Amino acid sequence: MTPKVKAFFDEATNTVSYVACEPNGKSCAIIDSVLDFDHASGRTNTASADQIIDYVQQHELRVEWVLESHVHADHLSAAPYLQEKLGGKIGIGSNITVVQDTFGKVFNEGTEFQRDGSQFDALFEQGDSFHIGQMRGDVMHTPGHTPACLTYVIGDAAFVGDTLFMPDFGTARCDFPGGSSEELYNSIQKILALPDETRIFVGHDYKAPGRDEYAWETTVGEQKALNIHIGEGRPIEEFVEMRDTRDATLAMPRLILPSLQVNMRAGQMPEPDEQGDVFLKIPVNKI
């Protein structure tokens, strides 16, 4: 099948969210949503998510899934808000438990924070499948950027999260805890083994040098031929050296501390205190 795909670009975080709908029906999935967050004030708003809600309602779609490709480090997820407004099950990779264990320690969450993925409705394994109406989705475990990264292959479309960017921008960083450039290379080979005509939808775009417009759709064939980091059959040794050297120069994402705390909870905020106030932590010298 060829799903209908509608993209929503959030320029504040360079994130692309998607609604993937069955071609001859009304069932859909929302992939990698954004909850707007002002770092200076600590305030959230739902403007980005409301655009998705408006689209779904205007087209009278039924949301069956609210999917996360991984625990994002650069934006907060709006999954619980979208679920409240539109329904659907929240899904992520089963290795979320690895991420929760790692960052539960970083943020000193204590025993009350469950590290079993129970905040999510579905934990996907490699080879799992799911349905969006009559349309089947298949799950590929594609770690490297994070241990829990997934690629969702829905019909002729692959939603790769941060694993691959547009061919002129390259590939994801691998220097977060649990990341691995070797694993990323092997994960990308799994994606590139899909048919050349498979549409690839990336999770971010930053406008590569010389490109004036944002872009988020490419193909397996284009990635194999043109990706500046992995194209033309680049061997793993060269990729690992390039990726590790490049990652050593990168700053942490601006929203990494609030994002991880919220996203490892399936988009929920930490439990409020006795007065009903919610707080996010800033660990010092931990990341």
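The values are calculated or read from the model by the stated rules, or taken from the named source; none is laboratory data. As the structure is a prediction and not an experimental result, all values here were calculated from the model. We place every Cβ from the backbone using ideal geometry, glycine too, and count neighbours over all the protein chains shown.
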In the stretch 1-45, which residues are within 16 Å of the chain's Cα centre (by Cα), exposed (fewer than 14 other Cβ atoms within 10 Å of the Cβ) and either at pLDDT below 95 or closer than 15 Å to VAL153 by Cα (or both)? none
Just give me the residues in the stretch 187-230 being more than 26 Å from GLU241 (Cα to Cα), polar (S, T, N, Q) and surrounded by fewer than 16 Cβ atoms within 10 Å (Cβ to Cβ), in sequence order. none
Does the stretch 126-142 contain at least one residue that is over 30 Å from PHE279 (Cβ atoms), touching a residue at least 60 places away in the same chain (Cβ under 8 Å) and among the β-branched types (Val, Ile, Thr)? yes
All conditions in (1) surrounded by 15 or more Cβ atoms within 10 Å (Cβ to Cβ); (2) assigned to a helix (DSSP H, G or I) are true of GLU241 except (1)
Qualifying positions in the stretch 63-88 - touching an Asp or Glu at 6+ places or on another chain (Cβ under 7 Å) and of a type in the set (A, V, I, L, M): ALA79
Residue hits (the stretch 13-45; more than 25 Å from PHE130 (Cβ to Cβ) and free of Cβ contacts under 8 Å to residues at least 60 places away in the same chain) are ASP36, ASP38, ALA40, SER41, ARG43, THR44, ASN45
Among the residues of the stretch 105-119, is any surrounded by fewer than 19 Cβ atoms within 10 Å (Cβ to Cβ), among the aliphatic types (A, V, I, L, M) and under 26 Å from PRO253 (Cα atoms)? yes
Which condition breaks for ILE228 when tested against (1) more than 30 Å from LEU123 (Cα to Cα); (2) within 20 Å of the chain's Cα centre (by Cα)? (2)
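Can you name the residue in the stretch 162-178 that is small (Gly, Ala, Ser) and in contact (Cβ under 8 Å) with a residue 60 or more places away in the chain and is also surrounded by the most Cβ atoms within 10 Å (Cβ to Cβ) among such residues? Working first, answer last.
As a first pass, look at the stretch 162-178 and keep what is small (Gly, Ala, Ser): 170, 172, 178.
When the remaining residues are screened for being in contact (Cβ under 8 Å) with a residue 60 or more places away in the chain, the result is 170, 178.
Working: GLY170: 18, GLY178: 20.
Here the residue is GLY178.
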So which strands (runs of 3 or more DSSP E) are wholly in the stretch 1-65 and hold at least 2 residues that are over 15 Å from GLY87 (Cα atoms)? 4-10, 15-21, 36-38, 43-45
Hey, any hits in the stretch 136-145 for a residue that's at pLDDT 95 or above, more than 28 Å from CYS21 (Cα to Cα) and surrounded by fewer than 24 Cβ atoms within 10 Å (Cβ to Cβ)? no
Collect the residues in the stretch 238-266 that are over 24 Å from SER33 (Cα atoms), free of Cβ contacts under 8 Å to residues at least 12 places away in the same chain and either in contact with a Cys (Cβ under 7 Å, 6 or more places away or on another chain) or not charged (D, E, K, R) (or both), keeping them in residue-number order. THR245, THR249
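What number of residues within the stretch 210-237 are outside any helix (DSSP H, G or I), farther than 26 Å from ASP156 by Cβ and in contact (Cβ under 8 Å) with a residue 12 or more places away in the chain? Steps first, please.
Initial filter on the stretch 210-237 (outside any helix (DSSP H, G or I)): 210-219, 227-235.
Adding the requirement that they be farther than 26 Å from ASP156 by Cβ leaves 210, 212, 235.
Retained after the next criterion (residues that are in contact (Cβ under 8 Å) with a residue 12 or more places away in the chain): 210.
So the count comes out to 1.
With the requirement that a residue be among the small types (Gly, Ala, Ser) and either free of Cβ contacts under 8 Å to residues at least 40 places away in the same chain or more than 11 Å from LEU123 (Cα to Cα) (or both), what does the stretch 65-101 give you? Outline the logic, then answer.
Step one: list which residues in the stretch 65-101 are among the small types (Gly, Ala, Ser), which gives 69, 73, 77-79, 87-88, 91, 93-94.
Of everything in the stretch 65-101, those that are among the small types (Gly, Ala, Ser) and either free of Cβ contacts under 8 Å to residues at least 40 places away in the same chain or more than 11 Å from LEU123 (Cα to Cα) (or both) turn out to be SER69, ALA73, SER77, ALA78, ALA79, GLY87, GLY88, GLY91.
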Matching residues in the stretch 74-87 - criterion: being touching a Leu at 6+ places or on another chain (Cβ under 9 Å), part of a loop (DSSP other than H, G, I, E, B) and either surrounded by fewer than 21 Cβ atoms within 10 Å (Cβ to Cβ) or at pLDDT below 95 (or both): ASP74
